[in-house]
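Shown next, in structure tokens, is the structure this report addresses.
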Amino acid sequence: MDRILIRGGNVLRGDIHISGAKNAALPLLIAALLTDEPVTLSNVPRLADVSLLLRILRELGAETALAGRKAGESPFTGDTVRIHAPEIVSTTAPYELVSKMRASFWVLGPLLARCHEARVSLPGGCAIGTRPVDLYLKALEAMGAEIDIEAGYVIARAPGGLKGARIVFPKVSVGATHVTLMAATLARGETVIENAAREPEVSDVANCLMAMGARIEGIGTSTLHVTGVDRLHGAAYPVIADRIETGTYAMAAAMTGGDVLLRNARADILDAFIEVMDEAGVSVTEEKDGLRVRRCSDALLPVSVETRPYPGFPTDLQAQLMALMTRAEGVSTIRETIFENRCMHVQELARMGADIRLNGDTALVHGVEHLTGAPVMATDLRASVSLVIAALAAEGETELNRVYHLDRGFETLEKKLSAVGADIERVSG
């Protein structure tokens, strides 16, 4: 099994190319099931989760192909993926595949909308909380679906097709918004989705669906109006830049006191994060080709943050921020309001000398003068990269185990960090 070795102390300087967003690429790939014409997505990140999802799409009958790299392209330019599902040959997404990645459960929406039936295993993914799917199922039931759960599978049927409905989510859910939005594009009549997730990745999927012929109003707001159409057509669409990867590398640069240009990064989808970085004494400024990140002073300043649905501070950057604040001068308060079990990185950061005290959903992070390299273990995707950030500033060598979590969400992380001066390498066995 691969491990990553990091020897801390190097200052990061240079350019990092920001990949396409995993959290947009996955639902965009799934949305291709809604049409019998080809959908071509560019800037698709090379990730384990993408490879797994393509395998699931092929199981359902889709043809998938990767375009060859063009001359002069950066090695960090994402793939161009063509998905063509002229006929859905199976409406079953099996446990052995869906259990490995939660987002694959979202095929439920397109299968039910297009084929009027679906049999999808209940999901798996990172162990960061229960994340029930009741919101997904209640929304589809409101649109006329008949749903049963048998032996760990959701069995859904919509004889005659789905119909429009008014759906009010009791809490914001990105997954439920994706599934309902995709299903509504082929439903009869109008669907109104209230308290919809406003994440940029949701808007990216909605804009792609519009390019495929969907009729959607309210993109970027908490209320979406979808007028169903008889069919969708093919389209070509670029995946949005990854705001979570942007924030991660910004904090890596800040941790080392470096100066890094994050190419292709966008400030307009990171307002809450940039505000927190400013409070921490880290400058994030727009330039022609992306965002430049610099520390404003020798010391990091403590912050007080609560994770919130967009446009609030992202839960997917909480672990990375906690790692950064281990070196701040003072006490930071970080409250996790989205997932109830997303602080498993605390005990691993403590192995490196961090002083973090948990009280329910709130962590008090007491900054320390030094972190020390140690063997640590990744517990989920975002927790794993928080350990990388800590290791970049630690004295000595850190050995990160279970790096398959990193490979699910960060494209060629060690190569990108090595290119800007980090002493980092992947070893096998």
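Please treat every number below as a calculation from the coordinates, not as lab data. Note that the structure is a prediction, hence the values are computed from the model and not measured. Heads up, the Cβs are rebuilt from the backbone with ideal geometry, glycines too, and the neighbour counts pull from every protein chain shown.
With only Lys, Arg, Asp and Glu charged, each at its Cβ (+1 for the first two, -1 for the last two), find how big the charge dipole of the chain is about the Cα centre; round to the nearest 20 debye. Could you put the intermediate results ahead of the total?
Details: 43 positive and 54 negative charges, 108 e Å.
Here the chain has a charge dipole of around 520 debye.
Residues in region 184-217 near a label at Arg335, defined as backbone nitrogen under 11 Å from the 7 Å Cα→Cβ point?
none
Taking each pair of different alpha-carbon atoms in region 23-238 once, compute 1/r for the pair, average those values, and report the inverse of that mean as the Kirkwood hydrodynamic radius in Å to one decimal. It would help to have the intermediate numbers written out before the result.
On the way: mean 1/r = 0.0587 Å⁻¹.
One decimal place: 17.1 Å for the Kirkwood radius.
Amide H to amide H, which residues 5 or more places from Ala93 or on other chains are under 5 Å from it, using H placed in the peptide plane?
The answer is Arg119, Val120, Ser121.
If I take R0 = 22 Å and measure r between the Cβ atoms of Asp268 and Glu369 in this structure, what FRET efficiency does the formula 1/(1 + (r/R0)^6) give, to the nearest 0.05? Let's see the in-between values first.
Details: r = 37 Å, r/R0 = 1.67.
For R0 = 22 Å, the calculated efficiency reads 0.05.
Report, in whole Å, the centroid distance computed from the Cα atoms of region 213-264 and region 18-47.
Result: 11 Å between the Cα centres.
Top mean-square fluctuation among Val154, Val205, Val44, Gaussian network model of the chain, C-alpha springs under 10 Å?
Per the Cα network of the chain with a 10 Å cutoff, Val154 tops the list.
Give me the count of lysine pairs in the chain whose alpha carbons sit under 21 angstrom apart, restricted to pairs 8 or more positions apart or on different chains.
Details: Lys22/Lys100; Lys22/Lys415; Lys22/Lys416; Lys70/Lys415; Lys70/Lys416; Lys138/Lys163; Lys138/Lys171; Lys288/Lys416.
Eligible lysine pairs with Cα atoms under 21 Å apart amount to 8.
Summarise the long-distance tail of P(r) for the chain by giving the % of C-alpha pairs beyond 38 Å.
Details: 19622 of 91806 pairs.
More than 38 Å apart: 21 percent of the Cα pairs in the chain.
Residues with beta-carbon under 14 Å from that of Leu29, excluding Leu29: net charge, scoring Lys, Arg +1 and Asp, Glu -1? Intermediate values should be presented prior to the final figure.
On the way: positive: Lys22, Arg46, Arg55, Arg58, Arg82; negative: Asp49, Glu59, Glu63, Asp79, Glu201, Asp204.
Summing Lys/Arg as +1 and Asp/Glu as -1 gives -1.
Using 1/(1 + (r/R0)^6) with R0 = 25 angstrom and r between the beta carbons of Ser304 and Met1, what's the FRET efficiency to the nearest 0.05?
Values: r = 38 Å, r/R0 = 1.53.
E between Ser304 and Met1, to the nearest 0.05, is 0.05.
Treat each spin label as a single point 7 Å out from the Cα along the C-beta direction, and report the Tyr404 to Thr221 distance in nm.
Modelled inter-label distance: 4.5 nm.
How big is the gap, in Å, between the Cα center of region 383-429 and the Cα center of region 290-335?
A separation of 19 Å, based on Cα centres.
Using 0.36 nm per residue, how much length does the chain from Arg13 to Arg166 gain when fully extended, once their Cα-Cα distance is taken away? Walk me through the intermediate numbers first.
On the way: separation 153, 0.36 × 153 = 55.08 nm, distance 5.08 nm.
Difference between extended and current length: 50.0 nm.
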